[in-house]
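A.B. asks: Before I ask anything, here is the structure I am working with.
The values are calculated or read from the model by the stated rules, or taken from the named source; none is laboratory data. Fair warning: this is a prediction, and the values are worked out from it, not measured in the lab. For neighbour counting, all protein chains shown are included, and Cβ atoms are generated from backbone atoms with ideal geometry for every residue, glycine included. Protein only, heavy atoms only, side chains kept; ligands, DNA and RNA dropped before computing areas. Shrake-Rupley method; radii C 1.70, N 1.55, O 1.52, S 1.80 Å.
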Amino acid sequence: MAEAGEPRWRGKQLAEALYRQKLTDVNAITTLPGSLRRRLMEAGWTVGRPAIVSVFRSADGTERYLVRGNDDQTMETVWMPEGDGGETGDGSEVEETDPTLSSTLLAVGRRMDGAPSKSEDGARRREWDRATICVSSQVGCAVNCRFCLTAKLGLQRNLSAGEIAGQVVAVLDRHGVEVGRDRVNLVFMGMGEPFLNYDEFMAAVRLLVEEAGIGPLRMTVSTSGIVPGIGRFAREPDAVRPKLAISLNAPDDVIREEVMPINRKWPIGAVIDAVRKVPLRSRERVTFEYVLLGGVTDRPEQAAKVARLVRRTGLPAKVNLIAWNPGPGIGYAMPSPESVEDFRRTLAEEGVPVYLRRPRGRDIYAACGQLKRTVEAEGIGNRE
Ligand code: SAH
Ligand code: SF4
C-alpha cells in the first residue's frame, strides 16, 4: 500500500480483509475506497487463498496437498492430525503439562455420560484434537542432502511470503480450523531450506503471527545448518521467532559431510556456535533432528557420540530421531526397528531427552524427506 502511494494503515485494512474477512475479490474490500480498488484491479492485483489442486490421503489420516502458487509450480503442504511434526517435548505442549489444565481434562475424562468434550458446543465432531501443518519454503531445494528426495528436484524457485503463509491458511480453511479454539502447530519442514529464503520466510512468519494469530511458540523452523541464517534468526524479536530445529543427522563432521555435503561449508561446531546465540524463552528447547540411515548413522557407538555432542553444547536441547523414509533412487537403507530402539535408549540413558518421530503418510510420499511433487505417488493412497 505504501508503494502504491497510500497511507500505511491501508495495509492493515487489506490484511484484515484477507485474513479475517477472508475476502477473495478486490472489489469486495469495501473498507478501501472504490477508486483505490479499481486501481488495484487495473494493475492486476488479486486476493484470496492459494488453491489446493491435489489431495493425497494416507491410511493414517495424513493428507498431502499440492497447492497452486503464483505460477504453475505447485507447493507441497502436509496436514497431520494428532500429528507428530516433531513438536513433542520442545515446549509447545506447555498446556498439557499445566497442572490446572490437566485436572480439568481429568474431570472431563470422568464425565458420567461419556460425551466427547469436543462436541459439547454442538460443533461438528472432529477426528483430531490437535494438528500439525508442515509447510514448504521453496519449490525444491539446493542443499543436496544425500538422503532427501526433495534434493533431487534441485532448487526450482523461492516461495513468496504470501505463498508460504497461503499454504497455511488454505489448509486451515479446508479443515475449518479456528486458531485460538483449535490447537495447531506449524513446522517449516516441508520442501526447501527456509534459511536460504530468509526474508520471505520471516515475512510469512510475521503474517502468520500478526494476521492469522498463530503464536511463534506453535511454530518450529528446521534448518540444515545455514549459519548466516541462524545468525539473523537469533536477532529476531521473541514475538515473531519460531522455535528452532537443527538437522544434525550425524555424530561427527566426517559422516555429516558424507550425508550432508553442506557440512563442508558449515561444520557442526560452526552451527552450534550460531545456535548458542539464539535467545531461548523459558522452557524452550532446541531440537536436534537425527535421521537414522541403516548401517550409516544408526550404530550404537554413534548414539553415545551424539549424546556427548548434544550434552557438550550445554544447550537446553532434545533429539528427535527420524527413521529414514525411503524414496526412489536413493541408495540408503531403512534402520531396523531394533537399531532405532537401541539408539533411542542409549540417548535416554545418557540423559538426553529423545523422541522418536512417528512417520506420517509414508504411503503417500508425505513423510519427512519424501516431498517432491511426486508423479511417483500417483495411484498411491487415495487421491481426491
Ligand atoms: N530443509 C530443512 C527442512 C526440511 S527437511 C532441513 O533440512 O532441516 C525436514 C527434516 O527431514 C530434516 O531434519 C531432514 O534431515 C529430514 N529428512 C530429509 N529426508 C529424509 C528422509 N528421507 N527420511 C527421514 N527424514 C528426512
Ligand atoms: Fe533440503 Fe532439508 Fe532435503 Fe536437505 S533435508 S535437501 S536441506 S529439504
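A.B. asks: Give me the dipole magnitude in Debye, nearest 20, for segment 141-237 about the Cα centre, with unit charges on the beta carbon: positive for Lys and Arg, negative for Asp and Glu.
C.D. replies: Roughly 340 debye, rounded to the nearest 20.
A.B. asks: Okay, next question. Which ³J(HN,Hα) values, rounded to whole Hz and listed in residue order, are derived for segment 251-262 from phi using the Karplus coefficients 6.51, -1.76 and 1.60 in 6.51 cos²θ - 1.76 cosθ + 1.60 with θ = phi - 60°, glycine and proline given as x?
C.D. replies: x, 7, 5, 4, 6, 5, 5, 5, 8, 9, x, 4
A.B. asks: Collect residues whose amide H, placed 1.01 Å from N in the peptide plane, falls under 5 Å from the amide H of Arg360; neighbours closer than 5 in sequence don't count.
C.D. replies: Cys368
A.B. asks: Rounded to the nearest 20 Debye, what is the dipole magnitude of the chain about its Cα centre when Lys and Arg each give +1 and Asp and Glu each give -1 at the C-beta?
C.D. replies: Around 540 debye, computed over the chain.
A.B. asks: Further question: Per-residue counts of other Cβ atoms within 10 Å, averaged by peptide: what ranking do you get for 51-60, 216-225, 6-15, highest first? Each step should come with its number before you reach the end.
C.D. replies: Numbers: 51-60: 16.9, 216-225: 23.4, 6-15: 14.2.
Final packing ranking: 216-225, 51-60, 6-15.
A.B. asks: With no other cysteine's Cβ closer than 4.7 Å, which Cys residues of the chain count as lacking a disulfide-compatible partner?
C.D. replies: So far as the 4.7 Å Cβ criterion goes, Cys134, Cys141, Cys368 stand without a partner in the chain.
A.B. asks: Another question, if that's okay. I'd like to know which of Gly231, Ala366, Ser35 lies farthest towards the positive end of the charge dipole of the chain, counting +1 on Cβ of Lys and Arg and -1 on Cβ of Asp and Glu.
C.D. replies: Ranked along the dipole, the leading option is Ser35.
A.B. asks: Right, here's the next one. For Arg130, list long-range residues whose amide hydrogen, built 1.01 Å from N in the peptide plane, is under 5 Å from its own amide hydrogen.
C.D. replies: Glu82
A.B. asks: Mind checking segment 153-191 for trypsin sites (Lys or Arg not before Pro) that DSSP puts in a loop (not H, G, I, E or B) and that have at most 15 other Cβ atoms within 10 Å?
C.D. replies: Qualifying residues, ordered by number: Arg181.
A.B. asks: Subtracting the Cα-Cα distance from 0.36 nm times the residue separation, let me have the gained length for Ala234 to Ala28 in nm, one decimal.
C.D. replies: Taking Ala234 through Ala28 to full extension adds about 70.2 nm, to one decimal.
A.B. asks: With point charges of +1 on the Cβ of Lys and Arg and -1 on the Cβ of Asp and Glu, referenced to the Cα centre of the chain, which listed residue (Pro251, Ser136, Ala17) lies farthest in the positive direction of the dipole?
C.D. replies: Ala17
A.B. asks: Determine the equivalent ellipsoid of segment 213-291 by diagonalising the alpha-carbon gyration tensor, then write out the semi-axes as square roots of 5 times the eigenvalues, largest first, rounded to whole Å.
C.D. replies: Value: 24, 12, 10 Å, ordered largest first.
A.B. asks: Once the Cβ-Cβ distance between Arg281 and Glu178 is put in as r, and R0 is 30 Å, what FRET efficiency do you end up with, to the nearest 0.05?
C.D. replies: Plugging the Cβ-Cβ distance into 1/(1 + (r/R0)^6) gives 0.75.
A.B. asks: Rounded to the nearest whole Å², what accessible area per residue is found for the chain with the 1.4 Å probe?
C.D. replies: The answer is 45 Å² per residue.
A.B. asks: Continuing with the same structure: If you average 1/r over every pair of different alpha-carbon atoms in the chain and take one over that average, what Kirkwood value in Å do you get?
C.D. replies: Evaluated on the chain, it is 22.0 Å.
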